[in-house]
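In what follows, a single structure is set out as structure tokens and then discussed.
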Amino acid sequence: LVAEQGAGAVGAWRRAGGEWQKIGAVPSGGREPCYVTLDPAEQRIAVANYGSGSVALFEPGGDGAPRDGGTLWANNGHGPNAERQEGPHMHCVCFSPDSRWLYAVDLGTDQILRFALDAPTLLREPQCVYHAPPGSGPRHLLFHPTLPIALLVSELANTLTLFDVRPDGLSSRSRCSTLPAGFTGDSLGGHLALNAAGTHGYVTNRGHDSVAVFRIDGAEPGIELLQHVASGGA
């Protein structure tokens, strides 16, 4: 769990006797961490520090809590949206299914970066594997559980993008809006999820106050908007 505050922290908790008990926590190395994830083998913990636009990588200890002394890499740059993209804003980190790569999504610079994982907690200079449309604000990347594809929600553009996952990174295949045709109000793309079978995707629209439901397929074009379900609240 991350503590999204000025001096960020990442820690682990265990549920015992019906209550959550803190095991341990360490500084996240940046401001306002907003995302934390484990690699498939549960040997690495990655954190996205939104406020400072940085990525941190830790090893878990024997008790599951992150060990202090992880490595940090900070991005630089900005996007065309002066209010939301005045600097880098890491919003998501995720490991590739084979654990060879760590992907980082930067809302502030409209980039998806990829780090090679050739040491337990070493972050070398990444490569940019996707330049998102300027001002689109990429937010959340998700790999399909069985197919060599990935999905990206862009917060500021309210779009869902489908990628083919290739050895050299990501190749954009198709993109569609998460909002109904003709909608003119303010809205932001939010969370992205897949069902267990990987046949349907779900994106929250914050402003339109809905969940957009998509059909997901490995064939062309790959994504199809099926319906919008009211979220039941703002």
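The values are calculated or read from the model by the stated rules, or taken from the named source; none is laboratory data. From a predicted model like this one, the values you see are computed outputs, not experimental measurements. Ideal geometry is used to build each Cβ from the backbone, glycine not excepted, and the neighbour counts take in all protein chains shown. We work out accessible area using only protein heavy atoms, side chains counted, and drop any ligands, DNA or RNA first. Shrake-Rupley method; radii C 1.70, N 1.55, O 1.52, S 1.80 Å.
Summed over the range 81-114, the residues that are closer than 13 Å to His131 by Cα and not in a strand (DSSP E or B) give a count of 4.
For the range 56-65, give me the residue count where each residue is more than 20 Å from the chain's Cα centre (by Cα) and either touching a residue at least 40 places away in the same chain (Cβ under 8 Å) or on the phi > 0 side of the Ramachandran plot (or both). Break it down into steps so the answer makes sense when it comes.
We begin by selecting, within the range 56-65, every residue more than 20 Å from the chain's Cα centre (by Cα); these are 60-65.
Of the ones still in play, those that are also either touching a residue at least 40 places away in the same chain (Cβ under 8 Å) or on the phi > 0 side of the Ramachandran plot (or both) are 60, 63-65.
So the count comes out to 4.
Can you pull out the residues in the range 59-75 that are outside any loop (DSSP other than H, G, I, E, B) and closer than 8 Å to Ala12 by Cβ?
Going residue by residue through the range 59-75, those that are outside any loop (DSSP other than H, G, I, E, B) are 60, 66, 71-74.
If the condition is that a residue be outside any loop (DSSP other than H, G, I, E, B) and closer than 8 Å to Ala12 by Cβ, then Pro60, Pro66 are the ones that fit.
Scanning the range 4-31 for residues that are among the basic types (Lys, Arg) and surrounded by fewer than 16 Cβ atoms within 10 Å (Cβ to Cβ) gives Arg14, Arg15, Lys22. Residue count for the range 153-191, restricted to those that are closer than 23 Å to Ala234 by Cα, touching a Lys or Arg at 6+ places or on another chain (Cβ under 8 Å) and not in a loop (DSSP other than H, G, I, E, B): 7. Residue selection: Ala197 satisfies the criterion of being in a loop (DSSP other than H, G, I, E, B) and either under 19 Å from the mean Cα position of the chain (by Cα) or among the hydrophobic types (A, V, I, L, M, F, W, C) (or both). Filtering the range 89-114 to residues that are in contact with a strand residue (DSSP E or B) (Cβ under 7 Å, 6 or more places away or on another chain), at pLDDT below 95 and of a type in the set (Gly, Ala, Ser) leaves nothing.
Just checking, how many residues over the range 37-57 are of a type in the set (Val, Ile, Thr) and open to solvent by 40 Å² or more (accessible area, probe 1.4 Å)? Step through it out loud before you land on a result.
Let us first name the residues in the range 37-57 that are of a type in the set (Val, Ile, Thr), namely 37, 45, 47, 55.
From the residues that got through so far, the ones that are open to solvent by 40 Å² or more (accessible area, probe 1.4 Å) too are none.
The total comes to 0.
Applying the set (1) surrounded by 16 or more Cβ atoms within 10 Å (Cβ to Cβ); (2) under 21 Å from the mean Cα position of the chain (by Cα); (3) not basic (Lys, Arg) to His191 leaves exactly one unmet item: (1).
Do you know which residues across the range 205-222 are charged (D, E, K, R) and either more than 12 Å from Asp164 (Cα to Cα) or touching an Asp or Glu at 6+ places or on another chain (Cβ under 6 Å) (or both)?
Listed by number, the residues that qualify are Arg206, Asp209, Arg215.
Residues that are touching a residue at least 12 places away in the same chain (Cβ under 8 Å) and of a type in the set (A, V, I, L, M, F, W, C) within the range 197-234 comprise Val203, Val211, Ala212, Val213, Phe214, Ile216, Ile223, Leu225, Leu226, Val229, Ala230, Ala234, listed in sequence order. Among the residues of the range 73-88, none qualifies, meaning not one is closer than 22 Å to Leu160 by Cα, among the aliphatic types (A, V, I, L, M) and touching a strand residue (DSSP E or B) at 6+ places or on another chain (Cβ under 6 Å). Among the residues of the range 66-114, the ones that are hydrophobic (A, V, I, L, M, F, W, C), under 16 Å from the mean Cα position of the chain (by Cα) and open to solvent by less than 40 Å² (accessible area, probe 1.4 Å) come to 11 in all. Condition check for Cys34 on (1) open to solvent by 40 Å² or more (accessible area, probe 1.4 Å); (2) part of a strand (DSSP E or B): one failure, at (1).
Give the number of residues within the range 115-152 that are under 13 Å from the mean Cα position of the chain (by Cα) and assigned to a strand (DSSP E or B). Write out each step before concluding.
Step one: list which residues in the range 115-152 are under 13 Å from the mean Cα position of the chain (by Cα), which gives 137-143, 150-152.
Next cut, assigned to a strand (DSSP E or B) only: 138-143, 150-152.
Looking only at that region, the number is 9.
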